[in-house]
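These notes concern the structure reproduced below.
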Amino acid sequence: MNKIKIAIASDHGGFDLKNEIINYLALQKIDVFDFGTHDKNSCDYPVYAKKVTLAILNNDFNRGILVCGTGIGMQIAANRFKGIRAVCPGNSYCAKMSRLHNDSNILTLGQRVLGVDAALEILNVWLNTPFEGGRHQKRIDMLDE
Ligand code: RB5
């Protein structure tokens, strides 16, 4: 799957930033499917992390974005699943390196931590940086052994 197909979800704490990201991706003509939540009522982030995680593991999508208050709960939840490499970068350098060296397949973001512009900058770098492969592939394989 070469073209980026994104699965996105949030809990209530990430609802507004998730909508900003969906609008941004639509402007870029990037395929994105919203797995919820669909309102600001309190809900549980592991439920939404699991939806996106399974969509990626089933190969229906190749990248995922998960938004909560801090990005941390979503990151922890997604990384419980073998084959998932979820990262919560606080800056675009970490976002870039997470793609180059770690082939991160899920980006988690914190609505209560990042402004919209900072979040979109991180997202943009994460979307447009390829995996370097080579010696890093062996290390990634070790994660799932
Ligand atoms: C919800 O209040 C909050 O705990 C959640 O969005 C997230 O930040 C958890 O890590």
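The values are calculated or read from the model by the stated rules, or taken from the named source; none is laboratory data. As the structure is a prediction and not an experimental result, all values here were calculated from the model. We place every Cβ from the backbone using ideal geometry, glycine too, and count neighbours over all the protein chains shown.
Collect the residues in the range 109-141 that are of a type in the set (V, I, T), within 15 Å of I30 (Cβ to Cβ) and in a helix (DSSP H, G or I), keeping them in residue-number order. Within the range 109-141, just V125 meets the criteria.
Of all residues in the range 9-27, none are out of contact with any Phe, Trp or Tyr (no Cβ under 6 Å at 6 or more places or on another chain), more than 11 Å from the ligand (Cβ to nearest atom) and closer than 29 Å to E145 by Cα.
With respect to the conditions (1) within 15 Å of L123 (Cα to Cα); (2) of a type outside the set (A, V, I, L, M); (3) away from the ligand (no atom under 14 Å from the Cβ), K82 lacks only one, and its number is (1).
Conditions (1) within 16 Å of the ligand (Cβ to nearest atom); (2) surrounded by 15 or more Cβ atoms within 10 Å (Cβ to Cβ); (3) small (G, A, S); (4) closer than 21 Å to D34 by Cβ, marked per residue:
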position: G71; (1), (2), (3), (4): yes, yes, yes, yes
position: L114; (1), (2), (3), (4): yes, yes, no, yes
position: A118; (1), (2), (3), (4): no, no, yes, no
position: L123; (1), (2), (3), (4): no, yes, no, yes
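The set of residues in the range 103-112 that are out of contact with any strand residue (DSSP E or B) (no Cβ under 7 Å at 6 or more places or on another chain) and crowded, with 16+ Cβ neighbours inside 10 Å contains only D103. A Cβ distance below 7 Å, combined with a sequence gap of six or more or placement on separate chains, defines the contacts here; from the range 1-30, residues that are basic (K, R) reach residues that are at pLDDT 95 or above and within 16 Å of the ligand (Cβ to nearest atom) in the pairs K18/I8; K18/S10; K18/V67. Does L25 satisfy the criteria of being surrounded by fewer than 22 Cβ atoms within 10 Å (Cβ to Cβ), in contact with a strand residue (DSSP E or B) (Cβ under 8 Å, 6 or more places away or on another chain) and either outside any loop (DSSP other than H, G, I, E, B) or modelled with pLDDT under 95 (or both)? Yes, satisfied.
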